[in-house]
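Asks: Starting off with a structure, shown below.
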Amino acid sequence: MAIVQSTSQISPAMERVYHQSNLLGEWKGSWTASGQAVSFKVVNIRGAAATVEYTHNGRTERGIGQVNGSTIDFGSVTLGTKNGKNAVLLFSAGGGKATAMLEKQAPPAEQSNLTGSWAGYSGENGMSASFRVLSVTGKEAQVSVTANGVTRQGTGIVYKNVIMFGQTQISTDDGKTGKVIYQVGNKSYMVPVDKLPKTA
């Protein structure tokens, strides 16, 4: 596989994050020649390693794939995407080659109501909180949290309608209002939050 030098002005780290977010998620499609269904799920990415699930011929292989820019190599297959919506899956083993066209699947509905910007203030404890959920993919969410004036970004863990990130968590029942709980030292603070309207 050829390595192409990028001429863009994006830092290599930012470019890597951009490619990785494009790769994350569940991809479904079919082999071009046989028409058989195939899917490739990118559960998470940590540096150059991706946790993946590759389903073909009715069986699923799980393991760690190798991330290289906008592609992931896993055993005899390589997944590549340019736009984060459509992908090509290439199979090559023992002289046999096959190609599949895949589309990224929409995230499950119950998680998407966490996506967005949340903000609130508690008159009880005088604390404010802002919690941005940039994306939810499976059991992980990309978040940016400002609590007590300190902003932190990273990957949170999703469990049903709750996202946990470090010493902070957000939960919502209706996708409109929620609560942020965060810990400072050995004290916990609860701040009621509202989802902010989307800006164009």
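Asks: Counting only residues that are of a type outside the set (A, V, I, L, M) and open to solvent by less than 30 Å² (accessible area, probe 1.4 Å), which one in region 45-56 is farthest from GLY69 (Cα to Cα)?
Replies: HIS56
Asks: Mind checking which residues of region 170-200 are in contact (Cβ under 8 Å) with a residue 60 or more places away in the chain and surrounded by 12 or more Cβ atoms within 10 Å (Cβ to Cβ)?
Replies: Result: GLY175, GLY178, VAL180, TYR189, MET190, VAL191, PRO192, VAL193, ASP194, LYS195, LEU196.
Asks: Could you give every pair whose Cβ atoms fall below 8 Å, whose first residue belongs to region 132-160 and is open to solvent by 30 Å² or more (accessible area, probe 1.4 Å), and whose second residue is charged (D, E, K, R) and not in a strand (DSSP E or B), counting only separations of at least 6 or pairs across chains?
Replies: ILE157/LYS139; TYR159/LYS139; LYS160/GLU110
Asks: Out of (1) closer than 29 Å to GLY154 by Cβ; (2) touching a Gly at 6+ places or on another chain (Cβ under 9 Å); (3) surrounded by fewer than 19 Cβ atoms within 10 Å (Cβ to Cβ), the odd one out for LYS28 is which?
Replies: For LYS28, the failing item is (2).
Asks: Suppose we filter region 74-108 for residues that are in a loop (DSSP other than H, G, I, E, B), touching a helix residue (DSSP H, G or I) at 6+ places or on another chain (Cβ under 9 Å) and either aliphatic (A, V, I, L, M) or surrounded by 15 or more Cβ atoms within 10 Å (Cβ to Cβ) (or both); how many remain?
Replies: The number of residues fulfilling the criteria is 2.
Asks: Going through region 109-164 one residue at a time, which ones are in a strand (DSSP E or B), in contact with a strand residue (DSSP E or B) (Cβ under 9 Å, 6 or more places away or on another chain) and of a type in the set (Val, Ile, Thr)?
Replies: Of everything in region 109-164, those that are in a strand (DSSP E or B), in contact with a strand residue (DSSP E or B) (Cβ under 9 Å, 6 or more places away or on another chain) and of a type in the set (Val, Ile, Thr) turn out to be VAL133, VAL136, THR137, VAL143, VAL145, THR146, THR151, THR155, ILE157, VAL158, VAL162, ILE163.
The values are calculated or read from the model by the stated rules, or taken from the named source; none is laboratory data. Everything numeric in this text was worked out from a predicted model, so none of it was measured. Please note: Cβ atoms are built from the backbone with ideal geometry, for glycine as well, and neighbour counts cover all protein chains shown. Calculation scope for accessible area: heavy atoms of the full protein, side chains included, ligands and nucleic acids excluded. Shrake-Rupley method; radii C 1.70, N 1.55, O 1.52, S 1.80 Å.
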